[in-house]
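The values are calculated or read from the model by the stated rules, or taken from the named source; none is laboratory data. Just so it is clear, the model here is predicted, and its values are computed rather than measured. Here the Cβ positions follow ideal geometry from the backbone for every residue, glycine too, while neighbour counts run over all protein chains shown. Surface accessibility is based on the protein's heavy atoms, side chains included, excluding ligands, DNA and RNA. Shrake-Rupley method; radii C 1.70, N 1.55, O 1.52, S 1.80 Å.
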Amino acid sequence: MDAILTGISLIVAPESLLLIFVSVVLGVVVGALPGLSSSMAVALLLPFTIGLNPVLAISMMAALYCAGTFGGSITAILINTPGAPPAVATSFDGYPLAQRGEAGRALGMAAVSSVIGGVFSLVVFIVAAPLLAKVALKFRPQEYFALTLFGLSMLAAISGRSALRNLIAGALGVLVSTVGIALVTGTERFTFGIPVLYDGIDFVPVLIGIFAISELLGQSQAVDKAKERIRSVALRLPSREDFRRCRATIMRSSVIGTLIGILPAEGTTVAAIMGYNEARRWSKHPEEFGTGAIEGVAGPEAANNAGTGGAMVPTLALGIPGSGTTAIILAALMMHGLRPGPYLMRETPEFLYAIFTAMLLANVMFLVVGLAGVKLFSLITLIPRTFLWPAVFVFALIGAYAYRQNPLDVWVMLISGLVGFFALRQGFGPAPFVMGLVLGSLLEKSWSQSMIIFDSNWLRFFESPICNLFFALTLLSLAGPLIGKGLGRIAQVGMRAFPRRSTLEE
């Protein structure tokens, strides 16, 4: 009880509430702007939180994460341009509703579904994280190595054109994390005689470059296009009939989103698409989907916001990020001198309740902000790119330099952004690289400790049942894409060999 009260008191202070509210507004604005993302905003916010209390800093990032996920639905519904990747599924039925003059109804359902999904996932978060942390307290270095390896293997399922590209990007992230002096041997690795690199490459400039600069370069090639705009917008809460139609969809999608979020390396985009697909599959009128079904808005919005709370479970309880954005939050925890994982839960339990309170307040705040300011947010898309992206570039420069006042960090940011830009053009997503960068140090540390304990006999890893379980899951996740393709080909061959009766009759 003392930890709960202490955690809540850290958040309900006036200055804390103000900063969380600012983060929510910023998150909705960033989410509503096509091209910007909550991941980019959290990366840019990271260096500006250095002087803040660690609890407040992480709370601001978590609030921005929640609000940014919802903000993408505004432009997805109004101009058929998702402000964030998870909102793609929302546009399938949200924009047709807006074209019929029901933009307010769609936005209201999006806001309410997002809040319900977010609150549900937070309840799971506050219950599951401590339980998971208790189990993880029994983990030794060898179990942590196997767990981290499993987390990296899940990269095959996230953004990018193929599983192979994701794994390559993750491996490059791990490689970059090895720059500096080795912990055990003291050997210099990839330092090229530069003393500044002895401590390794810092997270902050790399994250800003990968998420902000690479996106800036990509958007510079885009052409501003005139889009049909829904100008008459008055957001209204869903009617009783809408609730009756969508309540099962909202609860189902909340469960799906939370479970997807808890899986290492999965994200809100996957949750939103699965929420939409399941809403259509269970609907009594699936033929209405794509033409303006209100369930088509409720399903993905409940799922993608439920994914935010779910993604925080492995991030805080195990130190394994649940998504690209939580990988940045994990880096922020390290930057502030906190040790993510079960020891964080045991030594500072008030931290868990503070983050829970902040995210709960963020869900309530973005509902109020969305209801009150939807007309204003719909005008945000009028900001010309010629003003928007130079401002992002300036903030990126300031953030990269302000962290350590080191000019090398600015060059690291620019090089990371350039590499990220060309990688994106070839189908390599930024999230796998960041996950590899963040988890690489944990992987190396747990491996080194295990080999010391085992006297360099790696076969002793298989003496642990937990290690064997995670190794099996790792093999399964790596083989998953191949198994899926194989089953798809078998199904195609089966359909050709055994055509339907109606086809034979024709």
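Here are a few things to note about the model shown:
- Within the range 178-217, chymotrypsin sites (Phe, Trp or Tyr not before Pro) in DSSP loop having at most 10 other beta-carbon neighbours inside 10 Å: Phe192
- Between Ile4 and Arg281, the modelled label-to-label distance comes to 3.7 nm, taking each label 7 Å out from Cα in the direction of the beta carbon.
- FRET efficiency for Glu15 and Ala171, using Cβ-Cβ distance with R0 set to 45 Å, rounded to 0.05: 0.60
- Neighbour-limited loop hits for trypsin sites (Lys or Arg not before Pro), the range 143-217 (at most 13 other Cβ within 10 Å; DSSP other than H, G, I, E, B): Arg161
- Computed from the Kirkwood radius of its Cα pairs, the Stokes-Einstein diffusion coefficient for the range 84-213 at 25 °C and 0.890 mPa s stands at 125 µm²/s.
- Length added when fully stretched, Val364-Val127, from 0.36 nm per residue minus Cα-Cα: 83.3 nm
- The residues of the chain expose on average 44 square angstrom of accessible surface per residue, using a 1.4 Å probe on protein heavy atoms.
- Length added when fully stretched, Val394-Arg244, from 0.36 nm per residue minus Cα-Cα: 49.2 nm
- Two-site FRET efficiency, Asp455 against Glu188, from Cβ-Cβ distance with R₀ of 35 Å, rounded to 0.05: 0.85
- Each of Ile415 and Ala472 was given a label point 7 Å from its Cα along the Cα-to-Cβ line. The distance between the two points is 4.4 nm.
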